[in-house]
Amino acid sequence: MKLIKNYFIAFQCAILFVFSAVPSIVLAQDTRFTVVLDAGHGGHDPGAMGSFSKEKDINLAIELKLGALIEQNFKDVKVVYTRKTDKYLTLQERADVVNDHHADLFICVHTNSSLSPAAFGTETFTLGLAKTKANLDVAMRENSVILLEEDYRSKYKGFDPKSVDSYIMFEFMQDKYIDKSVEFSSAVQRQFVSYGRTDHGVRQAGFWVLHRSACPSVLVEVGFISNAAEERFLMSDQGQKQMATAIYNAFVDYKRSHDKRSGRRISNVSKIEPQVRAEEPASDKNIVRVEDNQKSAPKEITRRQGVVEVARLTDTSKTAQRVNPVVLQKEEKSNARPVFKVQLFAARVELPKNAPDFKGVENVQFFVENRHYKYTLGAETNYSKIQQIRKSILSKFPDAFIIAFDGDRKLSPKEVQELSR
């Protein structure tokens with residue numbers, strides 16, 4: 001009898017051990033890092049429209065390439081897609097995917113647009129009160145998808161994406177994920193710079209989909225579909241791979257930091273080094289406009305496999321002054337100090353001196369690169385002086401940034417940053 005009793009007790013203990021181990025096993029399976037990738041827009045919502053492309057297609061292509069990179073290299077990461085095809089989801093449905101999967105990170109991929117075809121560059125948003133009209137405009141445009149839904153006012157608790165008053169709510173929000181969101185956003189922008197993209201920085205604005213997602217969340221604007229050069233770049237396979245890889249590299253940094261904070265084994269996954277470093281999408285030739293010392297027509301100088309070719313162009317008058325620090329001399333290298341300039345914007349056409357785009361600013365110059373006219377102000381060897389010039393025109397050109405030339409070579413954004421220290 002005693003033997004039977006001991007056997008029964010042992011059997012009960014075994015049963016309890018098995019059942020107590022099951023939740024631990026399930027818990028261990030659920031501890032994988034989960035990232036939700038969201039390709040903005042889709043289906044009957046095309047997003048912003050370019051001259052030959054739709055935002056929804058660019059977003060999806062980059063999202064799928066990003067997801068593939070993460071899945072190939074991280075065995076301890078679960079990748080969840082809000083959509084993998086051209087289908088429509090509401091903003092709340094996207095947020096529901098994040099929350100249902102208890103995501104550790106939410107990345108929304110979007111493409112920017114502007115009334116000005118000269119606007120270009122990348123920026124990454126976190127949730128918060130929009131500090132500038134430009135940030136508010138982006139949030140309003142991305143939130144406007146709500147208007148495609150029936151009875152959106154009740155679904156979104158009275159939130160009106162077109163009303164400035166609706167965005168006041170974000171001023172009083174305490175987002176407990178903001179620090180990590182900014183951490184990842186900063187990593188994204190650093191990686192974009194490493195690929196030569198123009199950096200508009202980390203910004204805040206009231207995006208509904210970020211507001212409703214219970215984890216660190218960012219919305220990445222990969223470029224301007226309204227800019228012809230960026231549209232071609234973002235629709236190309238190379239461009240999409242570059243943008244996906246840049247975001248992936250930021251994810252590698254963020255995941256490593258997350259593992260360290262969590263006391264987990266730190267992943268040894270390496271970032272993918274950029275193969276091409278160019279300020280903007282590279283074309284088959286890099287064009288720079290210069291002036292002859294004599295009063296003759298300007299020249300178009302092209303670099304192709306190290307060969308400098310010169311061709312006469314028709315002279316034009318009553319236009320912004322052509323920049324002269326980029327005169328290409330194949331045999332010589334300048335020992336002069338770098339010349340700093342403030343780049344105001346880029347355009348596909350040459351603008352007259354009195355063009356409203358210059359907003360009353362005088363002595364604007366330009367150079368031509370990647371088939372775009374890039375308009376600049378100032379020419380200083382002292383970085384502090386060029387900073388003062390930039391600050392003086394920020395109210396008119398909030399996206400203006402500093403560039404530099406070392407003789408005939410335009411410096412990379414990273415080199416300019418190092419010279420600023």
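Return the residues of the stretch 243-271 that are among the polar types (S, T, N, Q) and either under 23 Å from residue 98 (Cβ atoms) or at pLDDT below 95 (or both); say none if nothing qualifies.
249, 257, 262, 267, 268, 270
Every residue in the stretch 46-90 that is within 19 Å of the chain's Cα centre (by Cα), aliphatic (A, V, I, L, M) and assigned to a strand (DSSP E or B), please.
Residue satisfying the conditions is 49 alone.
Does the stretch 48-75 hold any residues that are out of contact with any strand residue (DSSP E or B) (no Cβ under 7 Å at 6 or more places or on another chain) and not hydrophobic (A, V, I, L, M, F, W, C), and which are they?
50, 51, 53, 54, 57, 65, 72, 73, 75
Look at residue 253 and say whether it is closer than 26 Å to residue 121 by Cα, touching a residue at least 60 places away in the same chain (Cβ under 8 Å) and among the charged types (D, E, K, R).
For residue 253, the condition - closer than 26 Å to residue 121 by Cα, touching a residue at least 60 places away in the same chain (Cβ under 8 Å) and among the charged types (D, E, K, R) - is met.
So the check is Cβ under 6 Å with 6+ separation or different chains; which pairs have a first residue in the stretch 161-189 that's closer than 29 Å to residue 246 by Cα and a second one that's part of a helix (DSSP H, G or I) and modelled with pLDDT of 90 or more?
Partner pairs satisfying both residue conditions: 184/254; 187/250; 187/253; 187/254; 188/247; 188/250.
Please count how many residues of the stretch 95-146 are of a type in the set (S, T, N, Q), surrounded by fewer than 22 Cβ atoms within 10 Å (Cβ to Cβ) and modelled with pLDDT under 90.
Total meeting the criteria: 4.
Being among the hydrophobic types (A, V, I, L, M, F, W, C) and surrounded by 19 or more Cβ atoms within 10 Å (Cβ to Cβ) is the filter here; which residues of the stretch 78-89 pass it?
Matches in the stretch 78-89: 89 only.
May I ask you to verify whether residue 194 is of a type outside the set (Lys, Arg) and out of contact with any Leu (no Cβ under 7 Å at 6 or more places or on another chain)?
For residue 194, the condition - of a type outside the set (Lys, Arg) and out of contact with any Leu (no Cβ under 7 Å at 6 or more places or on another chain) - is met.
Exactly one of these conditions fails for residue 178: (1) of a type in the set (Val, Ile, Thr); (2) buried (at least 23 other Cβ atoms within 10 Å of the Cβ); (3) over 14 Å from the mean Cα position of the chain (by Cα). Give me its number.
Failed condition: (2).
The values are calculated or read from the model by the stated rules, or taken from the named source; none is laboratory data. Please read these numbers as outputs of a predicted model, since none were measured by experiment. A quick note on method: Cβ atoms are made from the backbone with ideal geometry, for glycine too, and the neighbour counts reach across all protein chains shown.
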